[in-house]
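Trainee: Please find one structure pasted underneath; my questions will follow.
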Amino acid sequence: MSDYKKLEIWKRSVVLATDIYRLTSFFPNEEKFGLTSQMRRSVVSISSNIAEGSGRGSKKEFIQFLNYAYGSASELESQLLISSNLEFTTKENFVSLSKELDEIQKMIFVFRNTLK
């Protein structure tokens, strides 16, 4: 379909993944197989689904993978809030990451609608 590496939503979701990996590296060790793992899976899934969808043969499939990416972003939103509630991150970091995640979600939504 398209070269996903040129898509701003893909680029920003990769940066977000890097930021989440950095954040979770400071989480307590007992969270290694809990919240840390979940957040990393969710954030990596956003860019991965955008990339996979763009490599599919049809708009319909691409839209489905954008839906998956949006779902993963929603999962991450919940996990980020939990990490904030548990005071695993600063308020400033939480706000910054949440804003970027919100922007990525909006971009996925708009892009998905342009493909319909």
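The values are calculated or read from the model by the stated rules, or taken from the named source; none is laboratory data. Because the structure is a prediction, the values reported are computed rather than measured. As a convention, Cβ positions derive from the backbone with ideal geometry for all residues, glycine included, and neighbour counts pool all protein chains shown.
Trainee: Please go through (1) surrounded by fewer than 15 Cβ atoms within 10 Å (Cβ to Cβ); (2) more than 20 Å from Ala73 (Cβ to Cβ) for Arg56 and return the number of the only condition it doesn't satisfy.
Mentor: (2)
Trainee: Suppose we filter Glu100, Glu52, Glu75, Glu92 for residues that are free of Cβ contacts under 8 Å to residues at least 12 places away in the same chain and charged (D, E, K, R); which single one remains?
Mentor: It is Glu92.
Trainee: Tell me which residues, restricted to the range 63-72, are out of contact with any Leu (no Cβ under 6 Å at 6 or more places or on another chain) and either in contact (Cβ under 8 Å) with a residue 12 or more places away in the chain or surrounded by fewer than 13 Cβ atoms within 10 Å (Cβ to Cβ) (or both). Even if it seems obvious, please write down each step before you answer.
Mentor: Within the range 63-72, the subset out of contact with any Leu (no Cβ under 6 Å at 6 or more places or on another chain) is 64-72.
Listed by number, the residues that qualify are Phe65, Leu66, Asn67, Tyr68, Ala69, Tyr70, Ser72.
Trainee: Something else now. Please state which of the following conditions Ser84 fails to meet, knowing it meets all the rest: (1) touching a residue at least 60 places away in the same chain (Cβ under 8 Å); (2) assigned to a helix (DSSP H, G or I); (3) in contact with a helix residue (DSSP H, G or I) (Cβ under 6 Å, 6 or more places away or on another chain); (4) among the polar types (S, T, N, Q).
Mentor: Single failed check for Ser84: (1).
Trainee: Given the residues Leu97, Leu86, which is the only one that is aliphatic (A, V, I, L, M) and crowded, with 17+ Cβ neighbours inside 10 Å?
Mentor: Details: Leu86 fails: crowded, with 17+ Cβ neighbours inside 10 Å.
Being aliphatic (A, V, I, L, M) and crowded, with 17+ Cβ neighbours inside 10 Å holds for just one of Leu97, Leu86, which is Leu97.
Trainee: Something else now. Residues in the range 35-42: is at least one more than 13 Å from the chain's Cα centre (by Cα), at pLDDT 95 or above, in a helix (DSSP H, G or I) and closer than 20 Å to Val95 by Cα?
Mentor: Kept after step one, since they are more than 13 Å from the chain's Cα centre (by Cα), are these residues of the range 35-42: 35-37.
In the following step, the residues that additionally are at pLDDT 95 or above were identified as 35-37.
Narrowing further to those that are in a helix (DSSP H, G or I): 35-37.
With the extra rule that they be closer than 20 Å to Val95 by Cα, the set shrinks to 35-36.
Yes.
Trainee: Which of the residues spanning the range 28-58 are among the basic types (Lys, Arg) and farther than 17 Å from Lys6 by Cα? Write out each step before concluding.
Mentor: Going through the range 28-58, the residues among the basic types (Lys, Arg) turn out to be 32, 40-41, 56.
Those that are among the basic types (Lys, Arg) and farther than 17 Å from Lys6 by Cα: Lys32, Arg40, Arg41.
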